[in-house]
Every structure is written in structure tokens, then in C-alpha cells.
Amino acid sequence: MDTLHVSRRRLAIALAGMAGFIDAVGFLSAEGYFVSFMSGNSTRLGVALGTDWRHAAVPALLILGFVGGVTLGALVALRAAGQRKVAVLGLVTACLVVAAGARLVGQSGVMLAGLVLAMGALNNTFLRDGEVAVGLTYMTGALVKLGQGLAQRLAGRRGSGWQGWALLWAGLLAGAVLGAVSQARAPEFCLWIAAGWAALMTLMAIRLPAES
């Protein structure tokens, strides 16, 4: 995070907030399964395989969908080159529109597919040398870097960059709170909020300088 320009850092925090919003909505809509936190789904898959394999299908399909979303997003990013953020976020927006529309007509399976594809694709927004530079839908790595940065700061070393990782985590947390409130009060509209959020982020990305 500390190596990103301030405009890209703000975009990353806003996108982490969007990911938290969507994961909270997905969690509450899918009986405790996740649409972005695949470590949790992997644990649930392992528990199901070890106790009652009949419950393994949902976490397995969510994991496959997430990997598919990452793959699709990576292909889009490769083809878009210098405009990969715009292209990836456009893909995310399209997936969220499909998910929101599916919810309106009662197609929960299509809704979850759209959400998990969107969250997988989102992780291709910030790349460095073809690898994910900032994970937007999972915070374990961010919290590790936050702790390491705090250690550097306590040791008297400047420039540890812990503040950026703290803000990224706080963004996801705030988004999750908003997602939970929206799901409770306006379940039929909350995914349209997420789609609009993604569209706004796409417009923000258009204003960023092209990348090499």
C-alpha cells in the first residue's frame, strides 16, 4: 500500500469497502458461506468432507467460482494492458448487475455465481509483474503487514507504511457493516447499491493515468 500513489491508495480502500459490503450481503444470503473469503469456505469444505460430505457441494462450488472469477479477471487484465483497472472493474460491475437482477427474480444460485465471480475478478485490480499487489477481498495478508509495520515503527524505523494497511482493513470492515445493515433493511436493493458502487469505482479508475 505504501508504494501506491495516493489516488490509487484511495481507490484500493474504497474497493476493499465494496468487497466487505458484498461479502456481508453474500454471507447473510447464503447461510454463512462467503463469496470472497475462500479460507473460510475451504475450512467449511474440509469440515463437510470430514463429517457429512453431502454438505460439501456449496463451499466447493463457491471456491471453483472464485477461482474462475480470478482467471477471467486475469485474462481481461492481460488483454487490457494499460487500462486493466478500468477493464477489470467493468467486468466486476457487469457481474454485480447480473447478481442483482438474479436476486430480483428469485434465482439465488445465479446471484451467488455473479457475486463470487465478481469478487474473484476484483483481485486483479492491483497487479505488479503479473502478481496481486494488494488483495482486496481478504485481509489476513493486510493484517500481517500491519503487524509487521507496527513492529518496525516500535523499533524506531520510519516508513513502515502500517497506516495504509490499517486503512485497507478498516475500509473492508466499514463496508461489511454497511452491507449487513443494507441486507437487513433493504435486501431487494442492496446488490444494486453494490453494482452502483462498482460502476463509480470504474469511473474513478478511468481518471487514473494509464499503466505500463
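Is one or more of the residues making up region 5-25 farther than 30 Å from G149 by Cβ, within 13 Å of the chain's Cα centre (by Cα), part of a helix (DSSP H, G or I) and of a type in the set (A, V, I, L, M, F, W, C)? Looking for residues that are farther than 30 Å from G149 by Cβ, within 13 Å of the chain's Cα centre (by Cα), part of a helix (DSSP H, G or I) and of a type in the set (A, V, I, L, M, F, W, C), one finds at least one in region 5-25, hence yes.
Would you check which residues across region 37-54 are part of a loop (DSSP other than H, G, I, E, B) and at pLDDT 85 or above and list them?
Keep residues of region 37-54 that are part of a loop (DSSP other than H, G, I, E, B), which gives 37, 52.
Listed by number, the list holds a single entry, D52.
Just for region 26-82: of the residues that are out of contact with any Ser or Thr (no Cβ under 8 Å at 6 or more places or on another chain) and hydroxyl-bearing (S, T, Y), which one is surrounded by the fewest Cβ atoms within 10 Å (Cβ to Cβ)? That would be T51. Considering (1) touching a residue at least 24 places away in the same chain (Cβ under 8 Å); (2) out of contact with any Ser or Thr (no Cβ under 6 Å at 6 or more places or on another chain); (3) surrounded by fewer than 22 Cβ atoms within 10 Å (Cβ to Cβ), the lone condition that G90 does not fulfil carries the number (2). Filtering G156, G82, G101, G149 for residues that are more than 15 Å from the chain's Cα centre (by Cα), more than 25 Å from G40 (Cα to Cα) and not in a helix (DSSP H, G or I) leaves a single hit, G156. Here G32 clears all of (1) assigned to a helix (DSSP H, G or I); (2) farther than 17 Å from R103 by Cβ; (3) small (G, A, S) except the condition numbered (1). Listed conditions (1) assigned to a loop (DSSP other than H, G, I, E, B); (2) crowded, with 17+ Cβ neighbours inside 10 Å; (3) at pLDDT 85 or above are all met by G106, apart from (2).
Kindly provide the set of residues from region 111-165 that are modelled with pLDDT under 70 and of a type in the set (F, W, Y), ordered by number. Those that are modelled with pLDDT under 70 and of a type in the set (F, W, Y): none in region 111-165. Suppose the filter is part of a helix (DSSP H, G or I) and modelled with pLDDT of 85 or more; does L178 pass it? Spelling it out, L178 is indeed part of a helix (DSSP H, G or I) and modelled with pLDDT of 85 or more.
The values are calculated or read from the model by the stated rules, or taken from the named source; none is laboratory data. This structure is a prediction, so every number in the text was calculated from the model and none was measured. A quick note on method: Cβ atoms are made from the backbone with ideal geometry, for glycine too, and the neighbour counts reach across all protein chains shown.
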